[in-house]
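Everything below concerns the one structure shown next.
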């Protein structure tokens, strides 16, 4: 399959739906401008694409999972706004443009993140967006997303990341951080798509296994890009993890071994996806792309 074309098409679907779900309006004021600034600042839309691909893998209609895909991107965008704050990673650039707090100020950036997270919950419970879907599956998918975003997932991983800055690198700790900070929401993306696509319990279980592996591979790739990547392609500075004393896979086992581990996880994920036949091919290609990307 042509993964580049697939990603382009699905990202365009997501972009159109995000614009409808968070439209520009004068009544929204400065806070809506700040929310939209980060939501529409670019990006590959990997999480929503995974959600749509999860629905496709189990034979479902990806458009019926679109509301959830958009909510996932809102959650992800909120996390980036907060991650860039001076109290966290203190980044000036994101995707080649000034970070939210550099444009709108720290207080407004905090509120923009809060607004995006809350809007994701609004969308996940929107009767119009979920009309015609099995209410039990909608509720289950929404819970999967929120758990993946909360203290048992992304927020918990971010907290561990902060707490262990400048600590002695430890494999068990870095695995916990990666599985939660990045892996939880990526897993929730494909799992929620499979739920909304009508997947059976075994299909959902297998796609959770897939998600956990790509989550680890994705963060390993990010760690390596932060260490060795091209700032122009990344749209932000490199070397910040090392400077901040972040606990990363390269810090624990070295870049070569970390890259090997990432490739292993990506290959295992691709193997799981291919059990779904042609419908799982997009997920298989996405898994391999995660470790091959340069930004």
On the basis of being in a helix (DSSP H, G or I) and over 16 Å from residue 218 (Cα atoms), does residue 278 make the cut? yes
Taking the options 209, 263, 213, 205, name whichever one is within 20 Å of the chain's Cα centre (by Cα), in contact (Cβ under 8 Å) with a residue 12 or more places away in the chain, closer than 19 Å to residue 148 by Cα and surrounded by fewer than 20 Cβ atoms within 10 Å (Cβ to Cβ). 209
Can residue 101 be described as at pLDDT 95 or above and under 18 Å from the mean Cα position of the chain (by Cα)? no
Sole residue being at pLDDT below 95, surrounded by fewer than 22 Cβ atoms within 10 Å (Cβ to Cβ) and over 18 Å from residue 289 (Cα atoms), chosen from 42, 59: 42
Take the conditions over 27 Å from residue 162 (Cα atoms), at pLDDT 95 or above and surrounded by fewer than 22 Cβ atoms within 10 Å (Cβ to Cβ) and apply them to residue 15. Does it pass? yes
Select from the range 130-155 the residues that are surrounded by 20 or more Cβ atoms within 10 Å (Cβ to Cβ) and not in a helix (DSSP H, G or I) and write down the one among them that is modelled with the lowest pLDDT. 130
Which one of the conditions (1) under 17 Å from residue 208 (Cα atoms); (2) touching a helix residue (DSSP H, G or I) at 6+ places or on another chain (Cβ under 6 Å) does residue 59 fail to meet, given that it meets all the rest? (2)
State the number of residues belonging to the range 83-112 that are free of Cβ contacts under 8 Å to residues at least 40 places away in the same chain, in contact with a helix residue (DSSP H, G or I) (Cβ under 8 Å, 6 or more places away or on another chain) and part of a helix (DSSP H, G or I). 2
Those residues of the range 156-184 that are without any contact (Cβ under 8 Å) to a residue 24 or more places away in the chain and in a helix (DSSP H, G or I) come to a total of 5
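The values are calculated or read from the model by the stated rules, or taken from the named source; none is laboratory data. Values in this document were obtained by computation on a predicted structure and should not be read as measured data. Cβ: placed from backbone, ideal geometry, glycine included. Neighbour counts: every protein chain shown.
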